[in-house]
Structures are given as structure tokens and as C-alpha cells.
Amino acid sequence: MKDGLIISTLSILPKKPIARFMGWNARLSLPKPFHRLLIRYFVWKYDINLEECNGDIDDFSSLSDFFIRTLKDGRRPIAMDEHTLISPVDGRVHTFGKIVNGEFKQYDGQMGAVSEMLGRAQDDKSSQRYQDGDFIIIYLSKF
């Protein structure tokens, strides 16, 4: 399935209930045989190099634990140049730009609110610190 089709499909679905459902599923502990199959599928699908991470498939209690796995020391050195952008994930850049009036462009001209992304009320002052900042949306994916 192409990324564009996935993004278009996701744009018409109710985001909050789906995000909660996906988060719940990612934290679900499955019986070992199913758990191994699920993680092996992700390893195959996204060409994940298990040699880079601490532990093996049986050490992760859920898909969520696997997504936030730690890497072995020195496997991916981080560039310290202040003019270098460092990605926290393996992925594809979908959208980037400026945050204006507390909003950013998500996809196909649709706008998202910083306050909503942070799980705060729109009048909450904590999202003000991001005003006029930059944003980047990265979809988890192998290049």
C-alpha cells in the first residue's frame, strides 16, 4: 500500500479514538508465540537491524516496548554540529514548516493545533512557547 493512500485514508478517520485504540493495542501483552510473530513481522516489513538494539525479540513485552527499544552504545553516533538536524526515528519526512498562530500544516492543507498535539486546551499557555517555532512530521518508515 502506498504512503499517500494510507495518509489519505487516515485523514478522513476520527483521529483521537483511533490513536487511543492503536496505543492500547501497542501496549497489549500477547502470548509469546503471537508476540514473536508480530515483532518479527515489523522487523521484516521495516528492515529493522536487530544487531543495533539491546536485547532480542523475547525481551520486549509489547510492540510499544519494541518501538522504544534502546540501541547498543556507539551504534548510531549523534552529530554534535549545532547546524545539523537529528531525527529521533527512522522515517520519511512528510511535512515541515513554521508554526503560525498555534497551528501547523499536517497534510493536504489540513491544519493541526499545537495545543491539541500536546493534549492541552486551546487557551492553555504552555503551547505558546512553540509559537513561531518550526515543526516536522516524520512517518515511521524505512527509506
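The values are calculated or read from the model by the stated rules, or taken from the named source; none is laboratory data. Since the model is a prediction, treat every value here as computed from it, not as a measurement. Don't worry about glycine lacking a Cβ; one is built from the backbone with ideal geometry, like all the others, and counts go over all protein chains shown.
So here's what we get for this one:
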| quantity | calculated |
| --- | --- |
| Filter result for the condition that a residue is within 25 Å of Ser29 (Cα to Cα), of a type in the set (A, V, I, L, M) and surrounded by 15 or more Cβ atoms within 10 Å (Cβ to Cβ), over Ile68, Ile57, Ile99 | Ile57 |
| Number of the condition not met by Met1 [criteria: (1) modelled with pLDDT of 80 or more; (2) surrounded by fewer than 12 Cβ atoms within 10 Å (Cβ to Cβ); (3) hydrophobic (A, V, I, L, M, F, W, C)] | (1) |
| For Ser61: the one exception among (1) under 28 Å from Phe42 (Cβ atoms); (2) of a type in the set (Gly, Ala, Ser); (3) outside the structural domain of His35 (by TED's automatic domain parsing); (4) not in a strand (DSSP E or B) | (3) |
| Candidates Phe66, Phe96, filtered to the one that is aromatic (Phe, Trp, Tyr) and in a helix (DSSP H, G or I) | Phe66 |
| Region 119-143 - residue that is under 20 Å from the mean Cα position of the chain (by Cα) and exposed (fewer than 12 other Cβ atoms within 10 Å of the Cβ) and, of those, modelled with the lowest pLDDT | Phe143 |
| Checking Arg76 against (1) over 17 Å from the mean Cα position of the chain (by Cα); (2) at pLDDT 85 or above, the condition it does not meet | (2) |
| Residue count for region 19-49, restricted to those that are part of a helix (DSSP H, G or I) and modelled with pLDDT under 75 | 9 |
| Residue satisfying all of: in region 71-84; free of Cβ contacts under 8 Å to residues at least 12 places away in the same chain and of a type in the set (A, V, I, L, M); surrounded by the most Cβ atoms within 10 Å (Cβ to Cβ) among these | Ala79 |
| Residue list for region 82-101, restricted to those being over 13 Å from the mean Cα position of the chain (by Cα) and either modelled with pLDDT under 85 or not hydrophobic (A, V, I, L, M, F, W, C) (or both) | Glu82, His83, Thr84, Leu85, Ile86, Thr95, Gly97, Lys98, Asn101 |
| Members of region 102-118 found to be part of a loop (DSSP other than H, G, I, E, B) and either surrounded by fewer than 14 Cβ atoms within 10 Å (Cβ to Cβ) or modelled with pLDDT under 80 (or both), listed by number | Asp108, Gly109, Leu118 |
| Qualifying positions in region 69-93 - assigned to a loop (DSSP other than H, G, I, E, B), charged (D, E, K, R) and under 29 Å from Leu38 (Cβ atoms) | Arg69, Lys72, Asp73, Arg75, Arg76, Asp90 |
